[in-house]
Amino acid sequence: MKWGTRLLHNGNEVDPVTGAASVPLYQASTFHQPDVDTPVNYDYARSGNPTRFALEQTIAELEEGRRGFAFASGMAAISTVFLLFSSGDHLVVSRDLYGGTYRVLTKVLSRLGISATFVDTTDLDQMEEAIQPCTRAIYIETPSNPTLKVTDLAKSSEIAGRHGLLTIVDNTFLTPCFQRPLHLGADIVIHSATKFISGHSDVVSGLVVVKDELMAERMSFLQNSLGSVLGVQDSWLTMRGLKTLKARMELTSASAMKIAEYLQELPGVKRVYYTGLPDHPGKCLQEAQATGHGAVLSFELSSGEAVRHVLSRVRLPLIAVSLGAVESILSYPAKMSHAAMSEEERQSRGVTDGLLRLSVGLEETEDLIQDLEQALKKSRFVSIGQE
């Protein structure tokens with residue numbers, strides 16, 4: 001059965017009790033136990049809920065992992081995974097990554113004695129050189145946020161394996177529709193399911209999938225102990241969003257490619273970051289380890305002032321944090337997703353004051369291009385051939 005069919009026929013599409021074509025919302029905090037001496041599947045909703053469990057089974061099936069876990073946000077998922085580690089442990093982490101992940105590593109886990117070295121994981125030698133005797137994992141975003149650097153997942157996993165480390169991959173940008181890191185050797189996959197998996201800007205959720213049963217038991221213990229679980233309503237909404245994931249990813253990715261090509265030809269745009277462009281250094285690797293390029297691109301203007309002029313003039317995209325929705329979202333990383341970084345840290349990672357990130361939605365491509373064009377033309381900082 002092909003992946004797109006499994007998206008809809010994964011064992012959780014029909015309620016086994018009533019035959020309903022949608023898993024019910026089990027709006028219950030606790031469950032009757034007929035025999036206190038016999039374990040039951042559900043006793044308290046923090047520990048397990050049938051609606052949430054259906055989502056967890058579904059994402060495990062789609063990522064082809066052992067078990068899945070649903071959390072109250074992407075950061076709750078990431079933070080719970082990081083709490084697999086203890087004081088004195090060290091992590092090698094992608095230098096280009098979401099600002100919230102950077103924040104929890106540098107401001108929270110550092111207080112607990114868990115340290116991180118940020119490296120360009122596209123440079124495998126640099127990655128391996130950063131490994132210390134106390135290193136326990138390599139954490140990767142690919143493509144990275146927001147400059148879309150591509151890391152070789154298979155070779156990274158080989159390096160991790162040689163050193164007895166875990167490989168953890170944030171797969172938010174591509175989803176299992178386009179990339180399945182567990183097949184490439186990763187041990188743990190994380191999603192901010194708020195983004196493409198849910199896809200409608202109406203839910204905040206996070207997902208984790210692990211490869212083996214031992215890790216599943218450790219994650220299950222942490223999920224229950226920490227309690228940052230996904231609620232039943234949001235579990236149901238996330239499952240609903242999943243059903244259209246393939247169609248949305250394919251349409252928005254095709255549109256993103258056309259927009260990236262358009263922006264690349266504008267003299268007022270300094271640089272475009274999109275893995276599908278022929279001059280992207282990670283294009284061949286991306287096509288070897290994934291089946292698509294995704295719907296997120298970034299482009300750089302001359303300054304923060306130029307960015308503000310464009311943001312004040314676009315009409316179609318939301319100007320907002322987040323990405324992966326049915327509507328296009330234009331974000332300013334320096335003030336939004338990467339605001340937790342110092343200016344020096346941002347600049348060193350290519351997150352300049354002139355950088356914009358566009359998550360392409362389901363609007364007609366031509367309308368999005370025309371909207372970007374009129375916004376750029378009206379900016380006195382961007383010259384694209386005034387009429």
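Annotations for the structure displayed:
- Residue within the range 210-221 that is touching a residue at least 12 places away in the same chain (Cβ under 8 Å), open to solvent by less than 60 Å² (accessible area, probe 1.4 Å) and in contact with a Gly (Cβ under 8 Å, 6 or more places away or on another chain) present: yes
- Scope the range 316-371; condition touching a strand residue (DSSP E or B) at 6+ places or on another chain (Cβ under 7 Å), under 20 Å from residue 103 (Cβ atoms) and among the charged types (D, E, K, R); matching residues: 357
- Filtering the range 253-301 to residues that are among the polar types (S, T, N, Q) and open to solvent by less than 10 Å² (accessible area, probe 1.4 Å) leaves 255, 275, 286, 298.
- Strands (runs of 3 or more DSSP E) fully within the range 51-152 that include at least 3 residues being open to solvent by 10 Å² or more (accessible area, probe 1.4 Å) and farther than 29 Å from residue 239 by Cα: 115-119.
- Here residue 305 passes the criteria (1) in a loop (DSSP other than H, G, I, E, B); (2) surrounded by fewer than 15 Cβ atoms within 10 Å (Cβ to Cβ) except the one numbered (1).
- Scanning the range 31-64 for residues that are of a type in the set (S, T, N, Q) and either modelled with pLDDT of 95 or more or within 26 Å of the chain's Cα centre (by Cα) (or both) returns 47, 49, 51, 57, 58.
- Within the range 210-234, the residues that satisfy the criterion of being within 15 Å of residue 46 (Cβ to Cβ) and either outside the structural domain of residue 186 (by the TED database) or assigned to a loop (DSSP other than H, G, I, E, B) (or both) are 227, 228, 230, 231.
- In the range 160-175, the residues that are open to solvent by less than 10 Å² (accessible area, probe 1.4 Å), over 17 Å from residue 288 (Cβ atoms) and not polar (S, T, N, Q): 160, 168
- All of 97, 148, 105, 153 fail the test of being at positive phi, under 18 Å from the mean Cα position of the chain (by Cα) and either among the aliphatic types (A, V, I, L, M) or outside the structural domain of residue 337 (by the TED database) (or both), apart from 148.
- For the range 179-205, the set of residues classified as part of a helix (DSSP H, G or I) and crowded, with 23+ Cβ neighbours inside 10 Å consists of 181, 182, listed by residue number.
- Look at (1) open to solvent by less than 40 Å² (accessible area, probe 1.4 Å); (2) within 18 Å of the chain's Cα centre (by Cα); (3) in the same structural domain as residue 279 (by the TED database) and you find that residue 250 fails only one, number (1).
- Test result for residue 175, under 30 Å from residue 307 (Cα atoms), in the same structural domain as residue 24 (by the TED database) and among the hydroxyl-bearing types (Ser, Thr, Tyr): yes
- Yes/no for residue 354 being under 18 Å from residue 255 (Cβ atoms), crowded, with 19+ Cβ neighbours inside 10 Å, in the same structural domain as residue 272 (by the TED database) and of a type in the set (Gly, Ala, Ser): no
- Looking only at the range 255-275, and only at residues there that are within 24 Å of the chain's Cα centre (by Cα) and outside any helix (DSSP H, G or I), the one that is farthest from residue 144 (Cα to Cα): 271
The values are calculated or read from the model by the stated rules, or taken from the named source; none is laboratory data. Remember, it's a predicted structure, so these values are computed and weren't measured experimentally. Note: ideal-geometry Cβ built from the backbone for every residue, glycine included; neighbour counts use all protein chains shown. Each accessible area value is taken on the protein alone, full model and side chains, heavy atoms only, with ligands, DNA and RNA left out. Shrake-Rupley method; radii C 1.70, N 1.55, O 1.52, S 1.80 Å.
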